[in-house]
Amino acid sequence: MKRKLVSMTLALMMGISLTACGSGGDDKPAADGGNTSTEDQAGDTGAADEGAGDTGAADEGAGDSGSSAEVANKDKPLVWFNRQPSNSSTGELDMTALSFNEDTYYVGFDANQGAELQGTMIKEYIEANIDSIDRNGDGVIGYVLAIGDIGHNDSIARTRGVRKALGTGIEKDGDINSDPVGTNTDGSASAVQDGSIEVNGKTYVVRELASQEMKNSAGATWDAATAGNAIGTWSSSFGDSIDVIASNNDGMGMSMFNAWSKDNKVPTFGYDANSDAVAAIAEGYGGTISQHADVQAYLTLRVLRNALDGVDIDTGIGTADDAGNVLSDDVFVYNEEQRSYYALNVAVTSDNYNDFTDSTKVYEPVSKQLDAGAHPSKKVWLNIYNASDNFLSSTYQPLLQNYDDLMNLEVDYIGGDGQTESNITNRLGNPGQYDAFAINMVKTDNAASYTALLSQ
Ligand code: BGC
């Protein structure tokens, strides 16, 4: 892989270490859980059969779907996405899962780079709007923070990113404490400290007035409705002090925006660049971060396509494929040691939101149809951990559905309930019917629940 060195260097520069960068684990409950299979069609449509592949691993000639019986399930291409196999307490990567076979990869995004962008975006907004932001004029810029899941790496990184940029973080075990504070209107909480921002020679205190994990009574985390209720409670007890709202994702951010902050003109900052959040920037939503889901969804299917075609894994990624699809260095990094592709994040604010209005649009440099003769149809089993997850259902899955056609992949989409792995694994009853697998675990510790099925 030509770009390996560059990518590794970039990765090092960006501080990607052997900890989970993409996602952490969580136990998400939620509604739903139905099989959202939309393109379910068993069977082989393999156009130009180039002969049965042997092991899907170092597979040379790609076999068609009908040949999948000849490839052991344990040797078929496997991609983990959005939730990186890792220990949900320590963040340590599960390298056994990440190197399950020669064609195993992870696709996610650089959580630390994105978190830093989110914090910086908020800080810059405060500085630029200093004359009007302090609504009650008390010299304290107060913000509230919606935390997605206290055991999820993405959520932890985003909480830290906000606290770091605003100077409210304090160190715990060598990193910024990411614990929720409950309420902290007097600035006495021990998990955070008051920060300060100096603009035009004047110093303002910055205070995290309140933060909590948005978990509902059934146990669903990243829960938008809980966030909508929380802003109701917070605003009725200390509404005038709230000058800024920060949220670990747009689902929760939009819920707070619609419930309160839009009417009260309090800027709200989320993460994911879902289409509804981007549109809301025109109405006062402060900003969001694109985790380049268009690149992630492409990579998720592309690594499978390449393995099935028996070509270099960099094909159509760092090296143009036969249709001209190629990604540039500024949208992803590959960390070979971690077997992981990380999309890079971009801040979306009132300056540039017009470029991000449709979060389900394929990324133009990789939008060209693959030839069905050279890249015959293959069957992929793919699950979404929680069919109700705002980001995965409104942004990621629609993107996957656009790319699967372009790559001649027939994908069965399985939607989980966000609570139990078995709800999903029960629907992987016959892996022999598929040529490849794409897995989004409920909890990042649980990779073995899936690999055990593939190893049988
Ligand atoms: C997204 C969240 C989402 C989570 C699910 C994160 O990358 O930002 O919105 O709930 O993935 O794993």
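Structural remarks
- Test for Thr349: is it within 19 Å of Leu117 (Cα to Cα), in contact with a Gly (Cβ under 7 Å, 6 or more places away or on another chain) and away from the ligand (no atom under 16 Å from the Cβ): yes
- Criterion (out of contact with any helix residue (DSSP H, G or I) (no Cβ under 7 Å at 6 or more places or on another chain) and surrounded by fewer than 23 Cβ atoms within 10 Å (Cβ to Cβ)) met by exactly one of Asn87, Asn112, Asn129: Asn129
- The residues in segment 87-133 that are more than 15 Å from the chain's Cα centre (by Cα), among the small types (Gly, Ala, Ser) and more than 26 Å from Gly310 (Cβ to Cβ) can be counted, and the count is 6.
- Qualifying residue in segment 76-86 (condition: of a type outside the set (Lys, Arg) and more than 26 Å from Asn390 (Cα to Cα)): yes
- Residues of segment 133-151 that are under 21 Å from Ile231 (Cβ atoms) and within 16 Å of the ligand (Cβ to nearest atom): Leu145, Ala146, Ile147, Gly148, Asp149, Ile150.
- Condition check for Ala280: within 16 Å of the ligand (Cβ to nearest atom), part of a loop (DSSP other than H, G, I, E, B) and in contact with a Phe, Trp or Tyr (Cβ under 9 Å, 6 or more places away or on another chain): no
- In segment 168-179 there is no residue matching the filter, namely being over 18 Å from Ile122 (Cβ atoms) and in contact (Cβ under 8 Å) with a residue 60 or more places away in the chain.
- Scan of segment 157-170 for residues that are among the hydrophobic types (A, V, I, L, M, F, W, C) and within 12 Å of the ligand (Cβ to nearest atom), ordered by number: Ala157
- Residue list for segment 413-439, restricted to those being polar (S, T, N, Q) and within 14 Å of the ligand (Cβ to nearest atom): Gln419
A quick yes/no check of all residues on (1) at pLDDT 95 or above; (2) assigned by TED's automatic domain parsing to the domain that holds Val144; (3) surrounded by 15 or more Cβ atoms within 10 Å (Cβ to Cβ); (4) not in a helix (DSSP H, G or I):
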| position | (1), (2), (3), (4) |
| --- | --- |
| Gly187 | yes, yes, yes, yes |
| Ser190 | yes, yes, no, yes |
| Val205 | yes, yes, yes, yes |
| Leu209 | yes, yes, yes, yes |
| Gln212 | yes, yes, yes, yes |
| Gly219 | no, yes, no, yes |
| Trp222 | no, yes, yes, yes |
| Asn229 | yes, yes, yes, no |
| Trp234 | yes, yes, yes, no |
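One line per residue, one yes/no per condition, for (1) closer than 15 Å to Tyr298 by Cβ; (2) of a type in the set (A, V, I, L, M, F, W, C); (3) within 16 Å of the ligand (Cβ to nearest atom):
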{"position": "Asp355", "(1), (2), (3)": "no, no, no"}
{"position": "Gly373", "(1), (2), (3)": "no, no, no"}
{"position": "Lys378", "(1), (2), (3)": "no, no, no"}
{"position": "Ser388", "(1), (2), (3)": "no, no, yes"}
{"position": "Asp404", "(1), (2), (3)": "yes, no, no"}
{"position": "Val411", "(1), (2), (3)": "yes, yes, no"}
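- Boolean, Met252 is within 13 Å of the ligand (Cβ to nearest atom) and among the hydrophobic types (A, V, I, L, M, F, W, C): yes
- Each residue in segment 247-257 was checked for being under 15 Å from Ala280 (Cβ atoms) and not in a helix (DSSP H, G or I), and 2 of them qualify.
- Close pairs (6 angstrom Cβ cut-off, 6 or more residues apart or separate chains): farther than 15 Å from Val79 by Cβ in segment 391-403, in a helix (DSSP H, G or I) anywhere: Thr395/Ala293
The values are calculated or read from the model by the stated rules, or taken from the named source; none is laboratory data. Since we're looking at a predicted model, the values are computed, not measured. Neighbour counts run over all protein chains shown; Cβ positions are idealised from the backbone, glycine included.
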